[in-house]
Amino acid sequence: MREIIRQGLIDLGLEGCVRVGASEHLTRYGQMLLEKNTVMNLTAITEADDVARLHMLDCAALLNCADFAGRRLLDVGTGAGFPGVVLKILVPSLDVTLLDSLNKRLEWLEEVSTVLALRDIRTVHARAEEQAAQTDFRESFDFVTSRAVADLRMLCELCLPFVKVGGQMLAMKSAQSAEETNDAARAVSILGGRLLPAYDYTIPGTSITHRVVRVEKTAPTPSRYPRRFAQIKKKPL
C-alpha cells in the first residue's frame, strides 16, 4: 500500500508539496480502515491496493484543484473521512472539520486522528441542513468538500451555505457528470455561486477518470436555504 501511494503522489505531481512521511501516514490510515471495516461498514473496498488507489490517491488529487495550506475546510458527509482526513494528512496546516450524521463513524475518525497525531481536526455529529443555520458554521469555510453520491443540485443546497464568499465547494463526481452539472446551474446561481471549470484526473495505476466539480461562492446564500431535507429531496432547486 505504501509504495502504491508513494508512486501515485509522484504521478499526480504532488511529491514536492505534501508533508514528509505522507505515504506512511496514509498507509496507516488505510490499514486502520481495513481493520475497522471488519466490524463496521465503512467501505465496500476491501483490498489494500484498491484502498490505496481508489480512496487515498483519489482524494489526494484534490490538491491539484486549489491551495489548501492554512485554510479552513468542512467535509460534508465525511463517512470514513474522505476526502477530509486525506487532505489533512497531506497538508498539516489545513484546518479540517468532519461532519456526518452517524456518530459511530466520527468516533472512529477521532481515534484515527489521535493515532496519527493530527491537530486542528474536529468532528461534528449533525445533519448538514441543520448545522448550516449555526452562525459559527454558516459561510465560514474556505472550502467545503463532498464525496457523496447525491445529485449535485442537492449537494449545492447542503454545502454552499457553509462556504464563505470567495471560497469554493468541491464536489467529487464521475467524469460522466456533465449533464448533472448543467442541471445544477440554476441551483448554483440561486445559492450564490458560479461554476468554475471542472478538474478531471485519472487515478494513478488505474484507467478510472474522475471529476471535481468546482463552485465559487460569489454572494451570500439567501437565509431560507438550505430547506428541510425532505423538501430538498422532493423538489431540488
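Every number in this text was worked out from the coordinates using simple rules, so none of it is lab data. What you see is a predicted model, and the numbers here were worked out from it, not measured in a lab. Positions of Cβ are generated from backbone atoms using ideal geometry, with glycine treated the same way; all protein chains shown enter the neighbour counts.
Quick one: Leu62, Leu116, fewest Cβ neighbours within 10 Å first, how do they rank? List each step's numbers first, then the result.
Numbers: Leu62 23, Leu116 17.
Starting with the residue having the fewest Cβ neighbours, the order is Leu116, Leu62.
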Principal axes of the chain: Cα extent on each, largest first, Å: 47, 33, 32
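Would you kindly state how much longer the chain becomes between Glu107 and Arg127 on full extension, computed as 0.36 nm times their sequence separation minus their alpha carbon distance, in nm to one decimal?
Details: separation 20, 0.36 × 20 = 7.20 nm, distance 1.60 nm.
Length gained between Glu107 and Arg127: 5.6 nm.
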Projecting the Cα atoms of Leu33, Asn64, Cys156 onto the charge dipole of the chain, where Lys and Arg contribute +1 and Asp and Glu -1 at Cβ, the residue farthest towards the positive end is Cys156
Under a point spin-label approximation (7 Å from Cα along Cα-to-Cβ), what is the Arg228-Leu34 distance to one decimal in nm? 4.5 nm
To the nearest 20 debye, what is the magnitude of the charge dipole of the range 81-130 about its Cα centre, counting +1 on the Cβ of each Lys and Arg and -1 on the Cβ of each Asp and Glu? 120 debye
Just to be sure I understand the curve: with the Debye formula and one point per C-alpha of the range 72-184, what is log10 I(q)/I(0) at q = 0.13, 0.20 Å⁻¹? -0.46, -1.06
Please report the net charge: other residues with Cβ closer than 13 Å to the Cβ of Leu54, K and R +1, D and E -1. -2
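Taking every pair of alpha-carbon atoms in the range 15-72, give the share separated by more than 15 Å as a whole percent.
Summing the P(r) tail past 15 Å for the range 15-72 gives 55 percent.
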Taking N as the number of residues in the range 171-237, what is its Cα Rg relative to 2.2 N^0.38 Å? 1.31
Roughly what % antiparallel, to the nearest 5, for the DSSP beta bridges in the chain? 45 percent
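Going by a ≥ b ≥ c, the root eigenvalues of the Cα gyration tensor, does the range 47-111 fall in the rounded group (a/c under 1.5), the prolate group (a/b larger than b/c) or the oblate group?
Taking the square roots of the gyration eigenvalues as a ≥ b ≥ c, the range 47-111 is oblate.
Which whole-number percent gives the relative contact order of the chain, counting Cα pairs below 8 Å spaced six or more residues apart? Intermediate values should be presented prior to the final figure.
Working: 443 pairs, mean separation 38.8, N = 237.
Once divided by the residue count of the chain, the mean separation gives 16 percent.
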